[in-house]
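Notes follow the structure.
Nothing in this text is a laboratory measurement; each read-out follows from the coordinates by a stated rule. Note that the structure is predicted; figures quoted are calculated from it, not measured. Here Cβ is always computed from backbone atoms with ideal geometry, including for glycine, and neighbour counts include all displayed protein chains.
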Amino acid sequence: MHEAAIIEDLIRQVLQEAEKNRLQKISIIYLTVGRLHHLVPQTMGELFDLMKSEFPIMAGAILQTEIRPVRFVCRSCGSETTAAAPSFSCPDCRSTDIRIVSGYELILASIEGEQNE
């Protein structure tokens, strides 16, 4: 379960950002995840709820996860496509010569919280 390692790193990064931005309380963490990571949002949320309990600044914090689809560009015909299945071939020309342009993201998009006065 690689979700645990990702959540652990996420919490570390959020705590660093909170310190840098003088946050006293974190309310929402927005995470963007590409589908190619094969992460399960429910599992990530449950792990986040368990792991955040060690950090009072995160009491009540919510993890919002946006899953980005896999998108690719065909190098043969230039068509850009959202992949609906594990098959990565161009629906227009059937070429498998593609370049993936979305689906690998793992981004701490933003943090909402309260600043120290």
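Side notes on the structure shown:
- Scope region 58-110; condition surrounded by 14 or more Cβ atoms within 10 Å (Cβ to Cβ), of a type in the set (Phe, Trp, Tyr) and touching a helix residue (DSSP H, G or I) at 6+ places or on another chain (Cβ under 8 Å); matching residues: none
- Residue satisfying condition, being within 18 Å of Ile107 (Cα to Cα), outside any helix (DSSP H, G or I) and in contact with a strand residue (DSSP E or B) (Cβ under 9 Å, 6 or more places away or on another chain), within set Leu15, Leu63, Leu36: Leu63
- Filtering region 66-90 to residues that are over 20 Å from Glu105 (Cα atoms) and hydroxyl-bearing (Ser, Thr, Tyr) leaves Ser76, Ser79, Ser89.
- Per-region count, region 18-33, residues over 21 Å from Glu66 (Cβ atoms) and not in a helix (DSSP H, G or I): 5
- Selection status of Glu3, touching a residue at least 24 places away in the same chain (Cβ under 8 Å) and of a type in the set (Asp, Glu): yes
- Candidate set: region 41-60, residues that are in a helix (DSSP H, G or I) and among the hydrophobic types (A, V, I, L, M, F, W, C); chosen: the one nearest to the chain's Cα centre (by Cα): Met44
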